[in-house]
Amino acid sequence: MAAWFFTSLMSGSAVTALDCLFTSAVAEPVWLDFRTFLTTWAFYTAAAMIGVALLLGMSRFLPRPLRLPGDSLGRMRSGLARTWLLFAILHFALVWKDLQPGSWIMAYAVVALAVGAMVRLFPALLIRRAAALPGRALVFSLVLVLAVNAVWLAHDRQAGALVRQRSADWQGPVPHVFLLVIDTARADHFSCYGYPFDTTPHIDRIAAEGLLCTQAYSASNWTPISHISIFTGKYPTQHANGNLPHMPESLLSLTEVLNRQGYFCSATYENPLAGRSVNLTQGFDWDFGVIHDVWVYPAPLRLWDEFVHNDDGAHATLATARRTFEWVERQGGHLFLYVNLAEPHTPYRINEPYFSRFTENLDWDRVHSINEVLKFCATQSLIIRDSSAFAGWTRESLALLRAAYDSELAYDDYQIGKLAADLQRRGLWDQTFFILTSDHGEVLGRHASLGHEYLLSNPALQIPMIFRNPAALPPRVTPDFASNVDVLPTVLSLMGLEGYIPPEVEGVNLAGPAPAPDRPLFIANLHQGDQYSLITREHKLIVDYGDPQGRIRTADTLLFDLSMDRKELKDLYDLRPGLRDSLLVCLNGWIERTWIEPEDRLQVSAEALAGMKALGYVH
């Protein structure tokens with residue numbers, strides 16, 4: 001009994017220390033508090049008690065070399081070593097996707113080795129008698145509790161000092177700024193944009209209190225490039241990155257401006273191509289990479305989210321955002337928070353009760369190729385451009401696919417509503433300048449295609465864009481053209497920081513008196529090829545310069561009359577040569593005027609390449 005109690009308590013305490021110290025190293029001090037520590041410790045200790053009991057009970061049935069020794073001290077030492085090794089392996093399996101190359105792997109290795117050394121040396125040095133086991137186990141656990149909380153407290157004070165120092169220099173007109181980017185969010189699937197299903201009731205209420213842009217387009221249909229445009233106000237042709245997923249240090253970001261104004265800047269992102277790996281975190285004080293269904297807080301909470309909430313990341317990410325708000329508020333600081341939600345990016349996870357609600361009137365008997373539809377929902381592949389892949393699909397088949405996508409969007413909306421309500425209760429919501437947008441849309445079966453990469457059709461480009469700032473922005477809806485290059489100039493203008501907008505920024509202040517409602521918009525897809533689009537009120541030109549000689553590749557060069565053909569079904573490129581040529585002159589002039597060559601040869605980082613492979617961009 002003494003060996004069982006000691007081994008269980010030691011193992012549970014050791015893995016708790018590993019998990020909490022790693023969390024503190026990766027996710028800063030926002031997630032750690034005494035209650036979280038006790039919850040984690042109780043989970044691991046209970047699991048250890050069950051595991052050690054099984055180990056002791058099964059020992060007699062193992063081959064002689066694998067059996068535990070007969071004496072209490074020997075059984076304790078051997079059982080502790082085996083239990084610790086098993087728990088360490090299981091814990092590593094839970095968090096290994098969080099371990100991006102660099103400091104995170106080093107942090108995990110250092111913490112694991114330090115805790116492992118304590119587990120190995122403590123019994124040998126301090127325990128000589130079996131009768132001392134229970135008392136010494138309690139002492140060991142208490143030492144770990146004090147050590148972990150001492151590390152957390154030191155980390156908390158160090159980070160808090162930076163917040164307070166930054167707050168002393170604060171000059172902003174609004175206490176907090178919150179930029180939320182929902183990955184792959186197609187505007188016409190938001191109910192506030194007229195979608196027939198009630199997918200976004202909480203976002204609708206936010207939109208009703210701010211500026212809703214009904215004609216917003218992304219500057220690119222690829223995540224890293226679009227995010228760079230959001231943060232810099234510049235089109236992809238101005239990024240000077242050689243078409244690579246990397247934000248050069250020379251680009252001034254929104255974060256850097258707010259940092260200099262006294263805001264503590266924190267980034268929490270799910271998509272690995274929307275964070276540190278592509279240098280989007282330039283100017284941030286800290287960043288948390290929450291990648292898909294992996295979370296950066298203690299494992300029991302991660303498991304609870306995964307199996308109870310069926311969470312694909314939004315709950316965990318926005319919970320981290322809430323904790324960040326709470327922590328910065330306790331420090332008396334001012335926060336700029338950037339959050340990226342990966343949902344509803346593929347694969348589409350079916351979320352209830354939303355999926356059942358969106359399919360309650362679906363005629364399932366007419367859903368042909370149902371297994372193929374569900375396969376497409378589960379795939380990580382970003383693009384399918386093959387009409388034969390949709391052979392046998394009916395309207396109901398596409399409705400099923402879209403219901404899965406909509407259920408992810410509705411789940412995001414629910415989590416956003418919870419966060420907004422919590423901030424409202426704390427009196428922080430009306431003190432926060434909130435911006436919601438997306439990096440691009442999703443095709444969802446239009447033009448016999450899935451995904452968004454390589455496509456410059458409107459479903460892949462039209463995005464939501466909402467600004468809520470009660471102190472400076474009255475509620476209204478604008479039909480004026482908007483682009484995500486407008487985020488930086490709009491935010492800085494509404495904050496009275498127009499002087500920090502670089503002169504070469506192409507975006508405009510959407511809340512200004514003359515936001516150029518009929519200006520043309522430009523889109524560039526430079527990921528694999530040279531594809532551009534020019535959009536006016538009535539027309540849309542798509543040009544593919546992907547030919548090896550730089551000539552126009554006619555297969556993907558199209559012209560549409562949007563006034564009569566909103567779904568882009570009838571190509572007029574060869575039928576309207578005069579219109580085509582005038583739009584080509586405008587587009588080519590823009591490319592020539594804005595194109596900037598990179599000063600240095602850039603390379604894709606190992607983290608970015610791993611993220612591209614994980615999301616199916618490269619194989």
(message) Tell me the net charge near A42. Cut-off is 15 Å between Cβ atoms, A42 excluded, with +1 for each Lys or Arg and -1 for each Asp or Glu.
(response) -1
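Highest first, please rank the peptides 559-565, 196-202 by the mean number of other Cβ atoms sitting within 10 Å of their residues. Can you show the working numbers first?
Working: 559-565: 15.7, 196-202: 17.4.
Per-residue Cβ counts within 10 Å, averaged per peptide and sorted highest first, yield 196-202, 559-565.
Which length gain, in nm to one decimal place, applies between F92 and E592 when the Cα-Cα distance is subtracted from 0.36 nm times their residue separation? Provide the component values of the computation, followed by the final result.
Numbers: separation 500, 0.36 × 500 = 180.00 nm, distance 5.06 nm.
Length gained, F92 through E592: 174.9 nm.
Give me the net charge of R366's neighbourhood, meaning all other residues with Cβ under 12 Å from the Cβ of R366; Lys, Arg count +1, Asp, Glu -1. Display every interim value, and only then the final one.
Working: positive: R395; negative: D363, D365, E396.
With Lys, Arg at +1 and Asp, Glu at -1, the neighbours total -2.
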(request) Please list 568-581, 180-193, 148-161 highest first by mean number of surrounding beta-carbon atoms within 10 Å per residue. (result) 180-193, 148-161, 568-581
(request) Would you tally the net charge around D430, using a Cβ to Cβ cut-off of less than 13 Å, leaving D430 out, and scoring K and R as +1, D and E as -1? (result) +2
(request) Return the sequence-ordered ³J(HN,Hα) values of segment 497-510 in whole Hz as given by the Karplus equation 6.51 cos²θ - 1.76 cosθ + 1.60 applied to θ = phi - 60°, using x for Gly and Pro. (result) 10, 4, x, 8, 7, x, x, 7, 5, 8, x, 10, 7, 5
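Laboratory data are not the source of any read-out in this text; all were calculated from the coordinates shown. Just so it is clear, the model here is predicted, and its values are computed rather than measured. Note that we place each Cβ from the backbone using ideal geometry, even for glycine, and neighbour counts take in every protein chain shown.
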